[in-house]
Amino acid sequence: MTTVQPSGGARAPMISLDEAVQRLVEAGTAHCISEVETVSTFDALGRVLAADVRSELDVPPRDNSSMDGYALRLADLGPDGGELEVAQRIPAGAVGQALVPGTAARIFTGAQVPPGADAVVMQEACEAVPAVDRGLGRVRIRQRPALGEWIRRRGEDVQQGAVVLAAGTRLTAQAMGLAASVGAGRLVVRRRPRVALFSTGDELAMPGEPLRPGAIYNSNRFTLRGLLQACGCETIDLGIVADRLDATREALRRAAAAADLVITSGGVSVGEEDHLKPAVQAEGRLDLWQVAIKPGKPLAFGEVRRPVGGEALFVGLPGNPVSAAVTTMIAVVPLLRALTGEPSVVPRAITMKAGFDWPRPDKRREFLRVRVAEDGSLVLFPNQSSGVLTSVVWADGLLDNPPGKPIARGDAVRFLPFANLLG
Ligand code: AMP
Ligand code: MG
């Protein structure tokens with residue numbers, strides 16, 4: 001069998017995924033985005049902090065009650081409780097008076113505990129004795145509380161001066177809440193990475209169009225755009241580019257002018273219809289790799305010159321839909337993290353148990369589409385072909401299997417949840 005070589009070159013070298021990721025991350029670090037902007041904490045979801053968020057206050061700012069009940073002084077109670085005059089009422093948001101010995105304060109969840117009180121008794125454990133004429137009446141405590149009971153201590157969540165969110169943190173909804181809890185209404189973040197995207201392939205049609213003979217719908221455009229958006233990128237979508245050298249070169253120039261990173265799908269295997277390689281070589285610089293992973297394998301990496309000087313990074317993904325998605329998650333996302341200066345670029349894997357046998361592993365490192373069963377074991381999607389997009393929708397993540405390693409039911413395996421790959 002003869003193999004058609006990409007124009008003018010030897011067969012692309014086979015490299016390990018770790019080596020490929022290292023190269024991508026080095027390039028991302030070298031092109032790390034330096035521009036920062038200040039955004040409202042409301043709009044910070046998915047953004048990466050460019051500066052530490054430090055708290056100027058204790059959270060909570062004062063001791064407060066975690067129950068509706070009565071604040072009191074233990075010294076005023078006997079071993080079996082006792083009865084106290086209710087001298088004040090402190091709803092949340094109000095500030096009470098120092099507790100006069102022998103009295104209790106009616107208190108509500110979130111209200112500041114008055115000075116002198118050292119425990120709160122929840123209302124379910126007391127009996128209110130109504131006032132005869134005026135006043136707030138009395139309260140009967142049936143059981144002596146423990147010291148500090150139902151009191152949330154000042155600073156138990158955050159202490160004044162503490163860094164609550166470090167520079168390089170990608171902001172989740174929870175992190176936005178934490179920033180707000182220390183009073184940060186605006187946050188300094190890095191500019192979003194700008195990623196230009198186009199698909200190659202004359203067989204591609206857009207959903208909504210009728211499917212002419214020989215055509216398939218362009219799914220990569222949607223998967224990749226969605227993955228990039230989930231990673232906090234601004235996407236510049238250049239659509240489908242015809243399988244022609246001039247059209248591909250023109251698209252690369254437009255993409256590089258607008259973006260930090262140019263991503264394409266398709267056209268990186270060794271077919272003679274693949275114009276990406278000569279186009280990138282003419283517009284910049286290109287390495288073609290065979291990454292020893294399945295799905296995946298062909299990956300192009302390089303740079304495209306900008307008309308104004310400098311260059312955009314370039315990643316050419318394989319066209320097969322599962323390969324394109326998986327390669328983005330495991331190789332492009334670390335590059336994006338490096339671009340935004342995140343300190344940790346490698347996804348967190350979890351050791352789990354296989355709930356299936358995989359007796360004939362590939363000699364390449366495999367990323368199997370698996371789902372977490374209720375018993376905590378991993379279940380395999382029956383069709384692991386790189387064209388079967390249903391597998392990535394069904395799955396909860398990828399099982400990262402070393403080259404040539406058979407799996408038997410019950411074996412410990414490395415699991416990469418999609419949430420860890422993209423989060
Ligand atoms: P290629 O890498 O261009 O040789 O494409 C490999 C396989 O992926 C072929 O079966 C293509 O039809 C398919 N493919 C390429 N691009 C896309 C796309 N954007 N959406 C869906 N399938 C694609
Ligand atoms: Mg193609």
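Does any residue of the stretch 328-337 turn out to be within 15 Å of ligand 1 (Cβ to nearest atom), under 30 Å from Val413 (Cβ atoms) and of a type in the set (A, V, I, L, M, F, W, C)? Scanning the stretch 328-337, I find no residue that is within 15 Å of ligand 1 (Cβ to nearest atom), under 30 Å from Val413 (Cβ atoms) and of a type in the set (A, V, I, L, M, F, W, C), so the answer is no.
Assessment of the stretch 177-195 against the conditions (touching a strand residue (DSSP E or B) at 6+ places or on another chain (Cβ under 6 Å), more than 13 Å from ligand 2 (Cβ to nearest atom), assigned to a helix (DSSP H, G or I) and hydroxyl-bearing (Ser, Thr, Tyr)) yields at least one matching residue.
Checking Leu389, Leu288 one by one, the residue that is closer than 20 Å to Gly201 by Cβ and at pLDDT below 95 is Leu288 and no other. Filtering the stretch 112-143 to residues that are surrounded by fewer than 16 Cβ atoms within 10 Å (Cβ to Cβ), of a type in the set (D, E, K, R) and in a loop (DSSP other than H, G, I, E, B) leaves Asp133, Arg134, Arg142. Screening Pro318 with (1) in contact with an Asp or Glu (Cβ under 6 Å, 6 or more places away or on another chain); (2) within 12 Å of ligand 1 (Cβ to nearest atom) gives one miss only, at (1).
Only one of the numbered conditions (1) within 11 Å of ligand 1 (Cβ to nearest atom); (2) among the aliphatic types (A, V, I, L, M); (3) outside any helix (DSSP H, G or I); (4) within 25 Å of Val21 (Cβ to Cβ) is violated by Leu224, and that is (3).
Candidates are the residues of the stretch 213-243 that are within 23 Å of Arg306 (Cα to Cα) and within 12 Å of ligand 2 (Cβ to nearest atom); the one that is nearest to the chain's Cα centre (by Cα) is Ile240.
Per the listing Val304, Val308, Val333, the residue uniquely in the same structural domain as Glu250 (by TED's automatic domain parsing), part of a loop (DSSP other than H, G, I, E, B), away from ligand 2 (no atom under 16 Å from the Cβ) and not charged (D, E, K, R) is Val308. As for the stretch 407-414, it holds no residue that is among the aliphatic types (A, V, I, L, M) and touching a helix residue (DSSP H, G or I) at 6+ places or on another chain (Cβ under 8 Å). Does Val332 satisfy being of a type in the set (Val, Ile, Thr), surrounded by 19 or more Cβ atoms within 10 Å (Cβ to Cβ) and closer than 28 Å to Ala27 by Cβ? Here the answer is yes, as Val332 does meet what is asked. Just so you know, in the stretch 238-288 the residues that are assigned to a strand (DSSP E or B) and within 12 Å of ligand 1 (Cβ to nearest atom) include one that is surrounded by the fewest Cβ atoms within 10 Å (Cβ to Cβ), and it is Gly239.
Identify all residues within the stretch 174-225 that are farther than 28 Å from Val326 by Cβ and surrounded by 15 or more Cβ atoms within 10 Å (Cβ to Cβ); write none if there are none. Met176, Leu178, Ala179, Ser181, Val182, Ala184, Leu187, Val188, Val189 - these are the residues of the stretch 174-225 that are farther than 28 Å from Val326 by Cβ and surrounded by 15 or more Cβ atoms within 10 Å (Cβ to Cβ).
Taking the stretch 229-260 as the range and being touching a residue at least 60 places away in the same chain (Cβ under 8 Å) and within 20 Å of Ser323 (Cα to Cα) as the test, the residues that pass are Ala230, Cys231. Checked against (1) more than 16 Å from ligand 1 (Cβ to nearest atom); (2) crowded, with 23+ Cβ neighbours inside 10 Å, Gln229 meets all criteria but (2).
The values are calculated or read from the model by the stated rules, or taken from the named source; none is laboratory data. Note that the structure is a prediction, hence the values are computed from the model and not measured. Heads up, the Cβs are rebuilt from the backbone with ideal geometry, glycines too, and the neighbour counts pull from every protein chain shown.
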